[in-house]
Amino acid sequence: MAHFALQKLHILPSTLANMSEREKAFIYASIQLRIEEEKRQNDKIKKVRAPRRGRGR
């Protein structure tokens with residue numbers, strides 16, 4: 001999750017290390033929610049793009 005914090009949220013490792021446990025917990029929970037939402041969106045896109053089989057083509 002530290003990698004995600006750096007790459008997507010631009011939170012430096014030193015900044016993350018200096019956060020309180022409550023702040024880190026909040027950041028990690030937020031990251032988890034964002035990852036879950038991105039996964040749902042990707043799954044939705046894949047469903048739309050999936051070729052339909054058995055339609056006589």
The chain: angle of helix 21-49 to the longest principal axis, Cα-based, in degrees nearest 10: 10
What pairs from LYS8/LYS44; LYS24/LYS44; LYS24/LYS47 go past 28 Å between their alpha carbons? LYS24/LYS44; LYS24/LYS47
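The range 2-46: Rg/Rh from Cα coordinates, Kirkwood Rh? Write down the numbers at each step before the final one.
Values: Rg = 12.4 Å, Rh = 11.4 Å.
Value, to two decimals: 1.09.
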Is it possible to state the helix-based mean residue ellipticity at 222 nm for the chain, with each DSSP H run of 4+ residues giving -39500 (n - 2.57), the sum divided by total residues, to the nearest 500 deg cm²/dmol? What is it? -22500 deg cm²/dmol
How much length, in nm to one decimal, is gained on full extension between ARG40 and SER20, taken as 0.36 nm per residue of separation minus their Cα-Cα distance? 4.2 nm
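Bear in mind these aren't lab numbers, they're just calculated from the coordinates by the rules spelled out. Computed from a predicted structure; not experimentally measured.
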